[in-house]
Structure formats: structure tokens, C-alpha cells
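For reference, the structure is listed below as C-alpha cells.
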Amino acid sequence: MSNRYLEGPFAPVKEEVTALDLPVTGSLPADLEGRYLRIGPNPLGVEDPTAHFWALGAGMVHGVRIRDGRAEWYRNRWVRSTEVADALDKLRDGEEPPGFILPSPNVHVIGHAGRTLALVEAGGLTHELGYELDTVGPCPMGATPEGFSANAHSKVDPRTGDLHSLAYLMGQPFAQHIVTDPAGTVTRVTDIPLAGEETPFLHDFALSQNYVIVFDIPLVFSMEAVPFRWNPAHQARVGVLPRTGGEVRWLPVDPFFVSHTLNAYDDGSTITVDLIRSAGPMDVTDPGGIEPTLDRWTIDLAAGTVDQRRIDDRPQDFPRVNDAFASLPHRFGYSAVSPLYGTPFTPDGPHPDEAFTNALVKHDLVSGTTEVHGFARDAAVGEAAFAANPSGGGEEDDGYLMAYVADPDRGASDLVILSAQDFTGPPVARVHLPVRVPLGFHGNWIPDA
């Protein structure tokens, strides 16, 4: 029996590659200087394909370095945690590596405090990477005496440069909000008590100017083969924690699954959160069985209510915002139509012949309009990161969207760069990679300066 998460756009690659002076179609912006990095699961061995859980593969980071209008290099490297390094040694010796390597940094790659960090879920060790993506080793970024540290969706506040983390550990009755300053020093830790005997999947959170917003959902950790299960008895709720610490205020809501948040901001006692939501219950082993939508939640702290409104009911995920507007009022958001879900996305109304299964979407949340940049049916696309125009005036959509996109004709992938202000126009540039980049999770444009 096959497993779709080991085939096609999900199939792992088997080699680490270095390629220099990459060919480019179009023109790379001359003032962009830095690296586009994205990470994801890339299993080294699979004992039973029918039982394989995509998110547990060993982490591999893929990167392109851009400078002076050139794509200087592409590199892909496994993040060599102790377990991954041992598995690679087994492969070199002709032995079979383990199918599951947990925990392995495979969820997000960010820059903070002058370091490149590979992040993981639920208590795994953050690992530092060198500039050329070699593994430096475990990194204590955001570490606390209780064993928590920077987690999968840690977020940088653009006003202060602080890194905010919502960290949790399986089996612990509390989570922690951890603030790490631009130098990498932990400056504040707040415990967040959790309800029940099972640890909820606290994958992402939202950060506004004055609050941390926590999503306590019925997807909980399990000791079974698959690490999560849906528990209908677990009360879904939204928690609001002042950034300065103190107690969490919990507001009950109907059961839901939140994959990722776009952004949040507050105005007095009202908090606005844009997020990707799915109705429960869900089977975590089959992401394709759910239909995530873009919603806006308005939390009224004075009234103690959570108003939920649908922004876009077409299936999409991996929302991003211009990071200069993170935790601040925003107008634009970007999301991906991905083979992870495989549900057709129509640009405007029911036009099946125009449907995409691979696209990037720009949302104007003020006008209520969307623009869709579609790709070919087999041109799998994942999350796009925003890179601000270094020579621009700081307008919210003055910049570029960067994403890896499969090129089925070449059997490889391109780094596609779109103008955020000419979103439906031809790409500004396509950097042609020599190999395929499997669908993965999250990443960032990390400028050199």
C-alpha cells in the first residue's frame, strides 16, 4: 500500500547538493542580498510506508544565496541532530536507518541574535546552522530552567527585535511564553497553566502589540504510534495573555483546528486575529482530508466574546505577512494553495476549468479582494516568504514573495520570486535549481544586513 506523503511532490531527496552560479530567468533585484531558507521533513528511512507520518521526517534545510543580482549558490543539508547524524552514519555503513527520528528540527528556520536557527515542535532542541547550512549544534536560544526553549513558530517583534516563543513539552501541565532579546538573552518567562491530563498541540500562536493569543485545541498528544489524536472531550478555548505577564484569560469556543496564524493586532480591549482554521474532528495523518480556510476572529475582552468571520472559504494554508507589520495592523496577507490539501481553488467563483491546485494568493483585507498567481497543475508550491524591497519606502506590499516551485518538465525546482505589487504578473525571476525540493514547512528570507 502506498503513502502519498512519500510520493510525488512529497518524496524525500537522498543527497546533499551544492550548486554554484545558478541560472536565472528574468532579473534578480540587484539590491537583494541574503539567503532564502526553507526547512521540512526529509525521512532517511521508512520502515512501514503505510504507517509513515509525514511530519516526523528528519529535517532538511534548502537555501539559495542571492547577491549583486546573482544566485550564488544552492545548498540542501540535513540538520544534524545527534539522532540524524547517527542515522546518516548508518546509511554510509550500508545499514538501515530508523524510520522515525523524533524530535528533529524540521518545522521552521529563522534568523535571530546573529544566528540561523532550525526550530522544532514540542520540546526538541533548537539547532544553530552555519551560513552555508552546516550544523553548528544544539543552541540554547530561549532556554529556561524548566527545559523549555524557542519553539516551532517563534516570532520576532519588529518594533523591539525581541523573539517571542510559546513553548510546551509533552506531559507538562503548563506552557511558557518566553521573550528573548536581540542579543539572545531571555528577559521574561510566563507560565501558562493547561487544562486536562493531555498536552494540546500548541503549534502556533498569535502576537499582537499587547497580547499573546493561545489556541488550546482538541488535538492532543498521544502515546500511540501516531503522536496526536482528536479528543472530543477536550474543551476548545482561546487564551489571552498580557505580554507583560500575569494570568491568562480563557474564552471557550466550538471545537476547531488552527494550523497557522497570519497576524494579530489589538485596539484597546479588542484583538483582531487572522488565521487558518479547520472544523474538527480531523485525522492528523491525512492533511488532505481537511479544508483549511482563512478566518478573522475578533476577541472582545470587555464582553468576553470571540466573533468568528470567514474571510475566504477556498482551501489554503501557510499564511504570511510582511514581517515589518507583525503584531501591528495589516492590510495584506499571502497564502498558498498547496498539494498538501489537493483541493481545487478557483480564482473567482465556480469556474472548474480555471481551478488551481498550486497557487499563491494575495489578500487585500481592507477591500476584501484577492489576487491569485497560479502555477501549472504539477508545479507544487509551498509557503512563500515576504522579502521587503531594500530600496523601497516601507509600504506594506513593497517587496517580493519567494517560494520553491516544482518544475515538472525539468524534474527539479525553481526559486520563484514575485513582485508583491504586481502579483499576477510574470515572476520577477526564476532561479533554476539543479534538484527537486520536496514540499515542506516554513522558512524565511534572511537578509545579510
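With respect to the stated conditions, residue 67 is in contact (Cβ under 8 Å) with a residue 24 or more places away in the chain, more than 24 Å from the chain's Cα centre (by Cα) and open to solvent by 70 Å² or more (accessible area, probe 1.4 Å).
Among the residues of the range 141-159, how many are open to solvent by 10 Å² or more (accessible area, probe 1.4 Å) and over 17 Å from residue 206 (Cβ atoms)? Qualifying residue count, the range 141-159: 6. Take the conditions (1) within 22 Å of residue 420 (Cβ to Cβ); (2) small (Gly, Ala, Ser); (3) part of a strand (DSSP E or B); residue 324 misses just one of them, which is (3). Screening 231, 210 for residues that are under 30 Å from residue 49 (Cα atoms) and more than 22 Å from the chain's Cα centre (by Cα) leaves exactly one candidate, 231.
Tallying residues that are open to solvent by 10 Å² or more (accessible area, probe 1.4 Å) and in contact with a Lys or Arg (Cβ under 8 Å, 6 or more places away or on another chain) within the range 311-327 yields 2.
Each residue in the range 267-281 was checked for being part of a strand (DSSP E or B) and either touching a strand residue (DSSP E or B) at 6+ places or on another chain (Cβ under 7 Å) or among the β-branched types (Val, Ile, Thr) (or both), and 10 of them qualify.
Scanning the range 168-209 for residues that are buried (at least 16 other Cβ atoms within 10 Å of the Cβ) and either modelled with pLDDT of 95 or more or part of a strand (DSSP E or B) (or both) yields a total of 18. In the range 356-374, the qualifying residues are those that are open to solvent by 20 Å² or more (accessible area, probe 1.4 Å) and in a loop (DSSP other than H, G, I, E, B), and the one that is modelled with the lowest pLDDT is 357. Counting only strands (runs of 3 or more DSSP E) that sit wholly inside the range 379-449, those with at least 1 residues that are in contact with a His (Cβ under 9 Å, 6 or more places away or on another chain) and acidic (Asp, Glu) are 399-407, 412-419.
Answer yes or no: is there a residue in the range 339-348 that is modelled with pLDDT under 95, surrounded by 15 or more Cβ atoms within 10 Å (Cβ to Cβ), of a type in the set (Phe, Trp, Tyr) and in a strand (DSSP E or B). Yes - at least one qualifying residue is present in the range 339-348.
The number of residues in the range 168-199 being farther than 16 Å from residue 153 by Cα and among the aromatic types (Phe, Trp, Tyr) comes to 1. Tally up the residues in the range 36-62 that are open to solvent by 10 Å² or more (accessible area, probe 1.4 Å) and either part of a strand (DSSP E or B) or modelled with pLDDT of 95 or more (or both), please. Matching residues across the range 36-62 total 1.
Here residue 295 passes the criteria (1) modelled with pLDDT of 95 or more; (2) surrounded by fewer than 20 Cβ atoms within 10 Å (Cβ to Cβ); (3) among the charged types (D, E, K, R) except the one numbered (2).
The values are calculated or read from the model by the stated rules, or taken from the named source; none is laboratory data. Just so it is clear, the structure is predicted and the values come from calculations on it, not from any experiment. Using ideal geometry, Cβ is built from the backbone for each residue, glycine included, and neighbour counts are taken over all protein chains shown. Just the protein is used for accessible areas: all its heavy atoms, side chains included, with ligands, DNA and RNA removed. Shrake-Rupley method; radii C 1.70, N 1.55, O 1.52, S 1.80 Å.
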